[in-house]
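I have placed the structure first, in the form of structure tokens, so that the comments after it can refer back to it.
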């Protein structure tokens with residue numbers, strides 16, 4: 001009986017080692033498939049292998065993060081939102097996932113929910129880009145006083161000037177503007193809503209001083225004169 005027990009223990013240990021080895025080989029294979037799929041530009045194959053990796057690695061797999069990025073880049077905002085939420089269950093203060101979640105909600109038209117996410121994100125980071133997006137959403141929701149309080153706070157945050165914001169000039173043209181100019185422009189738009197016309201003029205002038213060819217800021221400034 002003792003000999004049989006020993007044999008069973010050894011067999012179970014051997015099976016465990018083989019199973020672990022097979023799992024590691026499967027993980028390595030899926031990672032290789034993902035790398036190849038990315039190289040040739042096949043997101044469907046890459047995402048399928050990522051799901052297999054998540055199944056192999058468990059709930060804490062970092063490939064949930066990768067899937068969220070991939071879905072966002074592909075414009076699949078519903079899927080991005082769902083995957084970002086999965087990561088946030090594990091890490092509630094994951095700044096990038098909060099940003100992807102907020103941006104996805106905004107793209108899906110859920111502005112009230114997006115505003116809540118950016119409120120949380122701005123409180124967490126004190127980052128002027130996050131604050132700018134929060135103020136923009138508050139403006140969209142006609143929360144003018146809240147938007148004004150937010151943009152004034154944003155205006156006082158130091159920035160490197162590396163972030164660009166895209167504006168629609170008309171149905172066919174866009175313009176990329178430095179965030180440092182976009183902030184006073186947005187402040188001017190909010191001030192107009194609050195009938196602070198003189199302050200709005202000053203804000204538009206500030207935006208134009210940073211970006212002299214800022215079309216929307218020039219149009220709004222000229223309209224007030």
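The values are calculated or read from the model by the stated rules, or taken from the named source; none is laboratory data. Everything numeric in this text was worked out from a predicted model, so none of it was measured. No Cβ is skipped: glycine too gets one built from the backbone with ideal geometry, and neighbour counts run over all protein chains shown.
Of 181, 200, all but one fail to be closer than 22 Å to residue 157 by Cα and in contact with a strand residue (DSSP E or B) (Cβ under 9 Å, 6 or more places away or on another chain); the exception is 181. Helices (runs of 4 or more DSSP H) fully within the range 132-225 that include at least 3 residues being surrounded by fewer than 21 Cβ atoms within 10 Å (Cβ to Cβ) and out of contact with any helix residue (DSSP H, G or I) (no Cβ under 7 Å at 6 or more places or on another chain): 144-155, 197-210, 215-223. Just one of the listed residues (47, 61) is at pLDDT 75 or above, under 22 Å from the mean Cα position of the chain (by Cα) and either in a helix (DSSP H, G or I) or more than 18 Å from residue 102 (Cβ to Cβ) (or both), and it is 61.
Within the option set 110, 68, 114, 74, being surrounded by fewer than 22 Cβ atoms within 10 Å (Cβ to Cβ) and closer than 23 Å to residue 164 by Cα holds for one residue only, 74.
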